[in-house]
Each structure stands twice: as C-alpha cells, then as structure tokens.
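**Student:** Attaching a single structure in structure tokens format; questions to follow.
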2 protein chains.
Amino acid sequence: MSLDAVLSRIDANLPDATERLFELLRIPSISTDPDYKDACDTAADWLVADLQSLGVTASKRQTPGHPMVVGHFDGPKGSDAPHLLFYGHYDVQPVDPLDLWDRDPFDPQIEETANGPVIRARGSSDDKGQLMTFIEACRAWIAVNGTLPCAITFFFEGEEESGSPSLVPFLEASRDELRADVALICDTGLFDSRAPAIVTRLRGLLGEELTITGASKDLHSGMFGGPAINPIRVLSRIIAGLHDDTGRVTVPHFYDGVPEVAADIMAQWQGLGFDHQSFLGDVGLSTPAGEQDRTPLEMIWSRPTCEVNGISGGYTGKGFKTVLPSQASAKISFRLVGTQDPLAIRENFRALVRSQLPPDCTVTFSGHGASAASTMATDHPAFEAARTALSEEWPDPAAYVGAGGSIPVAGHFKGILGMDAMLIGFGRDDDQIHSPNEKYDMESFHKGIRSWARILDALA
Amino acid sequence: MSLDAVLSRIDANLPDATERLFELLRIPSISTDPDYKDACDTAADWLVADLQSLGVTASKRQTPGHPMVVGHFDGPKGSDAPHLLFYGHYDVQPVDPLDLWDRDPFDPQIEETANGPVIRARGSSDDKGQLMTFIEACRAWIAVNGTLPCAITFFFEGEEESGSPSLVPFLEASRDELRADVALICDTGLFDSRAPAIVTRLRGLLGEELTITGASKDLHSGMFGGPAINPIRVLSRIIAGLHDDTGRVTVPHFYDGVPEVAADIMAQWQGLGFDHQSFLGDVGLSTPAGEQDRTPLEMIWSRPTCEVNGISGGYTGKGFKTVLPSQASAKISFRLVGTQDPLAIRENFRALVRSQLPPDCTVTFSGHGASAASTMATDHPAFEAARTALSEEWPDPAAYVGAGGSIPVAGHFKGILGMDAMLIGFGRDDDQIHSPNEKYDMESFHKGIRSWARILDALA
C-alpha cells in the first residue's frame, strides 16, 4: 500500500471532496431545535449513502432523539493492525443571531481571506468539515488500494450539540458492535496554524436550565412595584452569587475532585508559548476574567467554570413595557475537570438556588446533559504513532494539549466500551464555531484529510 | 338641563356604547412596537370621526411619533361653568405572551364571570374603555340637551404606553389651544368595587435600557469560558446590587426628595381598610417584598421603586446552546415620588452602572421617558364637587387616594398648561392591565359613563 499515491489522490480530488462537504453543509441539522428534526434525519441519510458509496456496510439507527449512523469496513485479512472506531457528529449549533451572519449559514461558499481560502457555513468546522476529513482520507485510500489498512467502525451521532441524550443508552446497547482497539475523535483543533495537536484532556459539561416564578401572572410595575417580588431580581441575585470576588464558583463542594496540574505537564504547557493576549485580543478582549490566580491556559484546560449561556424574563421586545414579570429563566452550564462529579454538582447547585429563594418564589429545573471530564492514557502506543504521523504533515511537531470544550463521548468510550480515544482535529481558534460566520480553513480540510491518511498508515 | 334624562339615556343606550367601544378595541394600537404604527393611526382616525359625530370640532395632529387627537366643543353661551380638558390615551400595551391569552386580544367579547359581565380585550381597561366612558357621557348629554354643560377640550394621545415622547413638545406648542380651567384624566381605578376614587398623587416614571458588551462576538463557552468576561454575569451583578438587603435602592442620592407621608394623610389611608393579603393573594403572593419597614400601601402610593422589566442575553430558545454571549440587556424602570428628580436619578444610575463595569466591558444606555411624581391641589373646588357627584353614583363615598402608576401627563398639565388635574377612573385591581386577558367590568363601563354625567352636572 502506497501512502504517497493516497496523498496525491487526495490533492487531485480536493474539489470533489469540497463539493461533497458542501452537500452535507446544506442540510440544516440543528439538533437542539425540534423544528429541524427532519433535517437531522436527512443528514444521517446522507452519511449512510456516502459511506455505502465507499463500500462501507452502513445504516441509520433510530434513537428516541436523532438517529445514529454506524458503518463497518473490514480491514485486510490476517492483518494485526488495530481495529479503529472513528467518531464525529453531523448535528450543528443554532444559527441565531441570524442578522450577524454575512450570508445564509446553510449555503456554503469558499471565501478568500487574508489567511487563505475558507469554507463559510454553519457546521463547516464543528463538526461536518472535520468528520469529512476522515471519510475523504478513507475514500482516497480505498480508491488507490482497494481497501483500508485497518478495520474501521464509523460512528456518527446527531445530538452532540444538544447534550447527547441518546448516546449512553446507545453505547450500552451496542457494546459488542462498537468495541474496537482505539477510538479516533475528530472534533478538536490545531494548537496553532503550524502545529497540530492531540487532545489529552477534555472538560466535562453540566447544563442546567432554571425558571423562577413569583406572581401567578405578569403584573403592572406601577400597581404592584414594591410589594410584589420580581423574579428577574431574584434570578440576578442568584447568578451574581454563583461566583465570589476572586472568580471562584460558590456551589458547595464544587472544587471536590479538581486536581492541580502536575509540574511536568505544566512545564510542557508553558513551553507551548500560548499567547493569551492575542487569544483574547482576537475577540476584542484584553484582561483575563475568571479565577484571579490562574493563567488563561490553565483556566481553559484545567479549571472548572460556571457560565450563564442565556437569560430571559419580562419584556424583551422593542421599546419599553412596565411589566413586573411572573417568571425569569436562565441557562447555566458548568465545565468540569478532574474527577468532579456532575450529578453531585447538579444537586448542590439546585440546593444552593433553592436555599436563596425568597418567600413566594418557586423554581423549576431541567437538566441538559451531565458528563465528567476525560483524561486520556497517552502511554497507549497509538498516541505516539499518531503524533509522529501528524508531525510529518504539518510545519511544526504535534503537541499533547488540553481543551476547554466538552466531548463527553471520549469518556463514554472509555467507560462503556473500554477503549482509549485519540482526539485529533484541525479547527482553528478563529473558526467561530457556535457563533455567526463559522468557517473552516481550506488548509484545515485539505491537510486534515492528508493527516488522517498518514495516521491510518502509521497505525497499520 | 336634566341629569335624570341623561342617566336614563345612558342606561338605554349601553348596548350601542359597548359596540362603539368594541370597534375601538379591535384596532391593535400597540404604540411601543413600530410594526403597529398604522394601527395607532387608525385608532386616532376612529376617535376623530367619533368626536365629529357628536358635533365636536376634532382633528388628528401629527407628531414625530403617533398622532394626537384634539377636539373642541363650546359650552352654553354666557355660562360661568369651567372649561374642562379631558385626557385619555388610545394606545395599548403589547400583548405578549400571547399564548397566555384565552382569546384574541383584539377580538373583544363580553364574558360572564362570578363578578358579573366583563369586556375582555387588550385596552378594555387601559385606556380605551375608560376614555370611552367620558365620550359616551358627552354623547348622552348632547342627545338629551343638544349641548354640553361646559366647554370641553378633548385631548387623546397615542404614546402613553411608550413613554409619551411627543407629549411635552406638543403641549408646549399648543399652550393656547389646550389651556382650560381644570383637566380630567380617566386612566385610574376605583378604590374597591363599592368606592370610587380621585387620585391625588401619582408616582413618576424613569425608564432606562442598558446593554452591556464584552467580547466582540458570541463565543464558545468551552473554548473561552474562564478567561473571557460574561456580560450576563456582569449585568446580573449590577442588577443584584441595585437594592440593599433591606430593599432600599442603592443608586446614590436616590432618596433625595422622598418625603414622609403627613400624619393626617397616613391616618386617612389607614382608615381605607386596604387588605394587602388579598391584594397580593389575588396574584399568587403572600409576603410583601420591597422596603422592609413600609406597609404595602405605602410602598405603592408613597415610596419609590426600582424594577427590572425585562432582561435578555445569550441563547434563549428551546434546548441548550453553550454560548458565551457578547451582550446582555435589561430594561429597568424607577417609580418616583415627592420631588425626586428623574434626570438626576438617570445620571446617578448610569454613573453607578459605569463604576461597576469590569475591564473589557462597555455599556450603552437609552432612556425611555423621565417624569416626576405629581401631587394634586385638592383644595380646588372642583375636587369636592366631583367627589360628591361620584359618591352619589356608587354605594360607598369616593376617596382621595394615591396610585402606584405613573401618569406623567398630570404633571405636564400643571407645569406647562398651569391647570390642576382630577384623576378619576373606574378600573379594578383585577383588570390585568399590561397582562394577558385584560378586562373591564361592564359595571365599570356603565357606572363610569353615569359618573361622568353626574360630574359634568356638578362642575357646571
């Protein structure tokens, strides 16, 4: 099997690969919004058909939510190459505020920028563009060699952006089918534009939505303002009290299980030359918020957080309305590290909120996902093989890094399927994932495909 | 001129009067929302036509916002009866949340309730139903007597629910045309179902909208959560800090100009038998919030407040989105009493907010109205004449009361036109003005019309 021929074919077929990605990007598979349920189903069908076109035995699997896509490709007979499971997600974030997009989020286009051409569309980076790097690497490999160098199980979900409610039950019910030697997850980024990265730690995620209710209906703030409790004020007080003056989260026992980073790992991180001034400067900020005694890189890779992702209450339209509202709501998420227990934190958070309710106020909660942090076992030989292969494709060597985001599937692969996961991706900090005008650099797409071809070769 | 014949005609023509009110209620004249600009114009046209049908010289007057309606009717020649100016507003509050309405807010209907028939529609009480009580009293008077007992200027605005931005310039430009001996304002309520009221003090209103901006765009709470400032958290802290633990507002100098209620007035209020348990209980509350050392009646009639009328930021749709938003906004209003200076409070509030901004955050403000409180000169003889006339119509005598709401026009009539205002209205506490399912009791409408007929007779 010839790696060079595979890489050449990838280069020659980049326009076709791009057009296939565009087809997938045109499907508005927003998983969190029930109005887009059919689109999620269409995206799953598209992936099944694309895998089948490669000779993969692929099918859609129904869940209580959006479907999973599972495909199998047998490797060369008699090979001792590892059996790989590749994971990506076909669902995307909502697109609001739509008026901040420069174009239709679901009409992808290549735009020339100062940093080269980019693919502009919702999901171009997170995660459709990323997952297609792997499929395109496999397509080129099969075209050149008639097969793949390893047995590969393809596994795509459609609920990653909405808390993956069906993932654990599906993994538990599919242990035998999905178990492999090592998992590959493509949903992370480069360290910088020259150096690729393998993520070895991911933060967990706990989502909570709470609604505080005061009066039984909206009131007139003139007629009732004073004696009637205002749930926006109650909610604001509760949110304001979730952090102390040093930036630490006040939920009781929140820091149980939060480890200090080992000295050798901290030294390695310091050697990466992370430029927090430019990291913040790129989004119009200059001063690190958060825990006062931590560096920004520590905050993102090794410290837990509590953020408010949304708040609403009363009249929020144009103009003014002197309403004293009956309800106020917030969506709050916690990023978790180490062995923080998401379910314990959920209970402690809810108890803290309840303890702060004034008379006449009630609160309801709904949970949106609860996943612990993951730390990868980098002593598995696949890690070093992949790191070497990545280093050959990119100008600078690949680094082992942390990531601030939450990819709970890595923890589930370990806990339920008993396999380690390598998180390798080609996104960039300025991809604007989850924001208007999301993009994926053509270089990320192209070199991402080439990277996977090299990794498949190295792992085989 | 015969009062009895006028009252009889009012009774006989109640169905026709109700149908005229329904016509006006069907016009969705929401002044705060630019989408309803045409409807506001239509409501003004309707009033002009209705006044003209009475023989009133009426016309629509354009403003930078919604039009004013002005009409004149000359009284009997040679009479020494006072020249009256009657004020009402034809605009209404927004109707959201629409799903809490039991019917179309702009399709009025009479509903039978345990307390008798009510007219259900947005604006039925605030203020279309109220202003029509006066027009219908005039209609009956003219039908019976061929004229009115006094010269009357009719003056209706269409921006009362959105801060009345055009009112002061219009009054200043129309001093000569609008000046009268005394103003009548119908935008308040009964004291209870048996006792009418003349409002002698009104709270002022200052509206402020603020938007706090952190990063230049929405961010991913995993990638940036920690080092990036969260404007929802900043806004929540600011709102939480606007009151101290005793319920007092913390804006510097806020209580400058807040008088204690005179002992004789306080004694009179205590004699009214205000039942705050039922006042709060009717809206599902039991414990007075607000300043800890004040009674609910004091809080509403004589104490200033600061309330949050709306808050928004980040993702507020269905499901969850782990966004770290760029912006968060709130609409905040202050009810003012005594000689509190709204413009000084605006500056002090804005300075307080600015002083609490962390690095990298900016704030923008927009003002929505700023009016001082009003206290009426009850020694004007018209007050006692009107109180006697009202007492003859209703089971219990009329009371001089305070009101928590803000009707800045009363202060402007005094300050710009040099005339006192009598605030007489027939709304009830359970009318749900500014809320879903607003209603106006048929008894309020019917006896309201009769009350005005008696007052016209008494003032003449």
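**Student:** Considering only the range B:161-185, state which residues are buried (at least 19 other Cβ atoms within 10 Å of the Cβ) and at pLDDT 95 or above. Don't jump to the end; show me each part of the working.
**Tutor:** Pass one, the range B:161-185, residues buried (at least 19 other Cβ atoms within 10 Å of the Cβ): B:161-164, B:166-167, B:170-171, B:178, B:180, B:182-185.
Passing the criteria: B:166, B:167, B:170, B:171, B:178, B:180, B:183, B:184, B:185.
**Student:** Okay, next question. Since residue B:415 meets every condition but one in (1) farther than 30 Å from residue B:140 by Cβ; (2) away from chain A (no Cβ under 14 Å); (3) in a loop (DSSP other than H, G, I, E, B), which condition does it not meet?
**Tutor:** Of the numbered conditions (1) farther than 30 Å from residue B:140 by Cβ; (2) away from chain A (no Cβ under 14 Å); (3) in a loop (DSSP other than H, G, I, E, B), the odd one out for residue B:415 is (3).
**Student:** Moving to a separate point now. Those residues that are more than 9 Å from chain A (Cβ to nearest Cβ), more than 21 Å from residue B:410 (Cα to Cα) and in contact with a Leu (Cβ under 6 Å, 6 or more places away or on another chain), I need them from the range B:202-219; list them, please.
**Tutor:** Hit for the range B:202-219 is B:212, nothing else.
**Student:** In the range A:225-241, what residues are closer than 13 Å to residue A:314 by Cβ and at pLDDT below 95?
**Tutor:** A:225
**Student:** Next question. Tally time: how many residues in the range A:299-321 are at the interface with chain B (Cβ under 7 Å from one of its Cβ atoms), among the hydroxyl-bearing types (Ser, Thr, Tyr) and more than 9 Å from residue B:312 (Cβ to Cβ)? Break it down stepwise before answering.
**Tutor:** From the range A:299-321, those at the interface with chain B (Cβ under 7 Å from one of its Cβ atoms) are A:299-300, A:303, A:305, A:307-321; that's our starting set.
Those left that are additionally among the hydroxyl-bearing types (Ser, Thr, Tyr): A:305, A:312, A:315-316.
Okay, now just the ones that are also more than 9 Å from residue B:312 (Cβ to Cβ), so A:305, A:315.
Final tally of qualifying residues: 2.
**Student:** Look through A:62, A:93 and report the one residue that is closer than 23 Å to residue A:428 by Cβ and either surrounded by fewer than 24 Cβ atoms within 10 Å (Cβ to Cβ) or assigned by TED's automatic domain parsing to the domain that holds residue A:197 (or both). Explain how you work it out, then say what you get.
**Tutor:** On the way: A:62 fails: closer than 23 Å to residue A:428 by Cβ.
Answer to the selection: A:93.
**Student:** Quick one: which of A:45, A:50, A:41 is more than 14 Å from chain B (Cβ to nearest Cβ) and surrounded by fewer than 15 Cβ atoms within 10 Å (Cβ to Cβ)? I'd like the intermediate steps shown before the answer.
**Tutor:** Details: A:50 fails: surrounded by fewer than 15 Cβ atoms within 10 Å (Cβ to Cβ); A:41 fails: surrounded by fewer than 15 Cβ atoms within 10 Å (Cβ to Cβ).
Every option except A:45 fails the conditions.
**Student:** Yes or no: residue A:311 surrounded by 23 or more Cβ atoms within 10 Å (Cβ to Cβ) and part of a strand (DSSP E or B)? Let's see the steps before the verdict.
**Tutor:** Working: surrounded by 23 or more Cβ atoms within 10 Å (Cβ to Cβ): yes; part of a strand (DSSP E or B): yes.
Answer is yes for this residue.
**Student:** Here is a check on your reading of the model: is residue A:229 touching a Cys at 6+ places or on another chain (Cβ under 7 Å), among the hydrophobic types (A, V, I, L, M, F, W, C), at the interface with another protein chain (Cβ under 7 Å from one of its Cβ atoms) and crowded, with 22+ Cβ neighbours inside 10 Å? Give the derivation first.
**Tutor:** Numbers: touching a Cys at 6+ places or on another chain (Cβ under 7 Å): yes; among the hydrophobic types (A, V, I, L, M, F, W, C): yes; at the interface with another protein chain (Cβ under 7 Å from one of its Cβ atoms): yes; crowded, with 22+ Cβ neighbours inside 10 Å: yes.
Judged against the criteria, residue A:229 is a match.
**Student:** Moving to a separate point now. Considering only residues that are at pLDDT below 95 and in contact with a Pro (Cβ under 7 Å, 6 or more places away or on another chain), look in the range B:316-334 and name the one that is farthest from residue A:225 (Cα to Cα).
**Tutor:** If we take residues in the range B:316-334 being at pLDDT below 95 and in contact with a Pro (Cβ under 7 Å, 6 or more places away or on another chain), then B:321 is farthest from residue A:225 (Cα to Cα).
**Student:** Is there a residue being in contact (Cβ under 8 Å) with a residue 12 or more places away in the chain and either exposed (fewer than 14 other Cβ atoms within 10 Å of the Cβ) or over 27 Å from residue A:372 (Cβ atoms) (or both) anywhere in the range A:269-283? Before the answer, list the steps.
**Tutor:** So in the range A:269-283, the residues in contact (Cβ under 8 Å) with a residue 12 or more places away in the chain come out as A:269, A:272, A:274, A:276, A:279-280, A:282.
Filter again for either exposed (fewer than 14 other Cβ atoms within 10 Å of the Cβ) or over 27 Å from residue A:372 (Cβ atoms) (or both), leaving A:280, A:282.
Looking through the range A:269-283, at least one residue is in contact (Cβ under 8 Å) with a residue 12 or more places away in the chain and either exposed (fewer than 14 other Cβ atoms within 10 Å of the Cβ) or over 27 Å from residue A:372 (Cβ atoms) (or both).
**Student:** Evaluate the range A:335-346: report whether one residue or more is surrounded by fewer than 23 Cβ atoms within 10 Å (Cβ to Cβ), aliphatic (A, V, I, L, M) and within 21 Å of the chain's Cα centre (by Cα). Working first, answer last.
**Tutor:** Of the range A:335-346, the ones surrounded by fewer than 23 Cβ atoms within 10 Å (Cβ to Cβ) are A:338-339, A:341-344, A:346.
Applying the additional criterion that residues be aliphatic (A, V, I, L, M) yields A:343-344.
The next check asks that each one be within 21 Å of the chain's Cα centre (by Cα); those that pass are A:343.
Yes, there is a match, as at least one residue in the range A:335-346 is surrounded by fewer than 23 Cβ atoms within 10 Å (Cβ to Cβ), aliphatic (A, V, I, L, M) and within 21 Å of the chain's Cα centre (by Cα).
**Student:** With the requirement that a residue be over 26 Å from residue B:118 (Cβ atoms) and either crowded, with 18+ Cβ neighbours inside 10 Å or acidic (Asp, Glu) (or both), what does the range B:1-32 give you? Walk me through it before giving the result.
**Tutor:** Pass one, the range B:1-32, residues over 26 Å from residue B:118 (Cβ atoms): B:1-5.
Those that are over 26 Å from residue B:118 (Cβ atoms) and either crowded, with 18+ Cβ neighbours inside 10 Å or acidic (Asp, Glu) (or both): B:3, B:4.
**Student:** Determine which single condition residue A:401 fails, assuming it passes every other condition in (1) at pLDDT 90 or above; (2) crowded, with 22+ Cβ neighbours inside 10 Å; (3) within 14 Å of chain B (Cβ to nearest Cβ); (4) within 23 Å of residue A:101 (Cα to Cα).
**Tutor:** That leaves (4) as the condition not met.
**Student:** If I ask for residues that are modelled with pLDDT of 95 or more and either buried (at least 24 other Cβ atoms within 10 Å of the Cβ) or in contact with a helix residue (DSSP H, G or I) (Cβ under 7 Å, 6 or more places away or on another chain) (or both), which ones from the range A:244-267 would you list?
**Tutor:** The answer is A:251, A:252, A:253, A:254.
**Student:** For the range A:423-449, what are the residues that are part of a loop (DSSP other than H, G, I, E, B) and either outside the structural domain of residue A:96 (by TED's automatic domain parsing) or closer than 13 Å to residue A:137 by Cβ (or both)? Explain how you work it out, then say what you get.
**Tutor:** Applying the first criterion (part of a loop (DSSP other than H, G, I, E, B)) to the range A:423-449 yields A:425-426, A:428, A:432-438.
Within the range A:423-449, A:426 is the sole residue that qualifies.
The values are calculated or read from the model by the stated rules, or taken from the named source; none is laboratory data. Note that the structure is a prediction, hence the values are computed from the model and not measured. We place every Cβ from the backbone using ideal geometry, glycine too, and count neighbours over all the protein chains shown.
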